[in-house]
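**Student:** One structure, as structure tokens, below. Some questions next.
The values are calculated or read from the model by the stated rules, or taken from the named source; none is laboratory data. None of these values were measured; they are calculated from a predicted model. Methodologically, a virtual Cβ is constructed for each residue, glycine included, from the backbone with ideal geometry; neighbour enumeration extends over all protein chains shown.
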């Protein structure tokens, strides 16, 4: 895929479940996610997404695998989420390596959190028309930033686990990772991340 990565400010983050949808099924966003104070410390729970074999290389083009998961087992009804898993064909199990085998996106549009759908060109939000390319970068519509991504690792030799969630900034094919913002909140305002952080504090978490 040729994507470059920077480690950025590797601080904690979480999201406490917006609803997810597969095949046109759209679940309502969880009230707790939208109403919780942005500075509240939360806990990201690593979750097993599936086996490596569940996410084959997309020989026919850009066709990420949609995979639902429960973000909070204690509240399964309000914490169902959806990850889009793109098998790049790379061999590295280091998620930051340009040759990493997977790129994993959240399906929440960064406008108001509606579930995006995949297209040949990337991703599309059916709610308000935001469009994203195959890197998840916003190309059109009211979304304020690129799609969030999940950090992942391989456990027990063959299990794909999500371990963190990040908001990202993309310049060309270079991806920088930052503490997660909620939908509608930009990473920078007039080029300043400090202003954006002051107005929209990032969600922090304990691993």
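**Student:** Out of all the residues in region 105-120, which are part of a strand (DSSP E or B) and surrounded by fewer than 23 Cβ atoms within 10 Å (Cβ to Cβ)?
**Tutor:** 117, 118
**Student:** Only one residue in 168, 180 is buried (at least 21 other Cβ atoms within 10 Å of the Cβ) and part of a strand (DSSP E or B), so which one is that?
**Tutor:** 168
**Student:** Filter region 194-205 down to residues that are crowded, with 16+ Cβ neighbours inside 10 Å and in contact with a strand residue (DSSP E or B) (Cβ under 8 Å, 6 or more places away or on another chain) and give me whichever is farthest from residue 149 (Cα to Cα).
**Tutor:** Checked region 194-205; the qualifying residue farthest from residue 149 (Cα to Cα) is 196.
Conditions tested, residue by residue: (1) at pLDDT below 95; (2) out of contact with any helix residue (DSSP H, G or I) (no Cβ under 9 Å at 6 or more places or on another chain); (3) under 23 Å from residue 182 (Cα atoms).
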| position | (1), (2), (3) |
| --- | --- |
| 90 | yes, yes, no |
| 94 | no, yes, no |
| 100 | no, yes, no |
| 105 | no, yes, yes |
| 109 | no, yes, yes |
| 117 | no, yes, yes |
| 122 | no, yes, yes |
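**Student:** Find the residue count for region 45-79, including only residues that are free of Cβ contacts under 8 Å to residues at least 40 places away in the same chain and either surrounded by 14 or more Cβ atoms within 10 Å (Cβ to Cβ) or within 27 Å of residue 120 (Cα to Cα) (or both).
**Tutor:** 9
**Student:** Which condition number in (1) at pLDDT 95 or above; (2) more than 13 Å from the chain's Cα centre (by Cα); (3) surrounded by 20 or more Cβ atoms within 10 Å (Cβ to Cβ); (4) over 19 Å from residue 46 (Cβ atoms) is the one that residue 187 fails?
**Tutor:** The failed condition is (1).
**Student:** Scanning region 51-61 for residues that are out of contact with any strand residue (DSSP E or B) (no Cβ under 7 Å at 6 or more places or on another chain) and modelled with pLDDT under 95, which turns out nearest to residue 83 (Cα to Cα)?
**Tutor:** Ranking the candidates gives 61 first.
**Student:** Looking at 42, 30 in this structure, which one is at pLDDT below 55, crowded, with 16+ Cβ neighbours inside 10 Å and over 16 Å from the mean Cα position of the chain (by Cα)?
**Tutor:** 30
**Student:** Checking residue 92 against (1) surrounded by 19 or more Cβ atoms within 10 Å (Cβ to Cβ); (2) free of Cβ contacts under 8 Å to residues at least 40 places away in the same chain, which test does it fail?
**Tutor:** Single failed check for residue 92: (1).
**Student:** Give all pairs with beta carbons closer than 7 Å in which a residue from region 149-164 that is at negative phi and surrounded by 14 or more Cβ atoms within 10 Å (Cβ to Cβ) meets a residue that is modelled with pLDDT of 95 or more and not in a strand (DSSP E or B); count only pairs at least 6 apart in sequence or on separate chains.
**Tutor:** Listed by first residue and then by second, the contacts come to 149/136; 151/95; 152/95; 153/95; 154/52; 154/93; 160/52; 160/55.
**Student:** A further question on this structure: Kindly evaluate residue 47 against the criterion of being under 16 Å from the mean Cα position of the chain (by Cα), modelled with pLDDT of 50 or more and under 25 Å from residue 170 (Cα atoms).
**Tutor:** Judged against the criteria, residue 47 is not a match.
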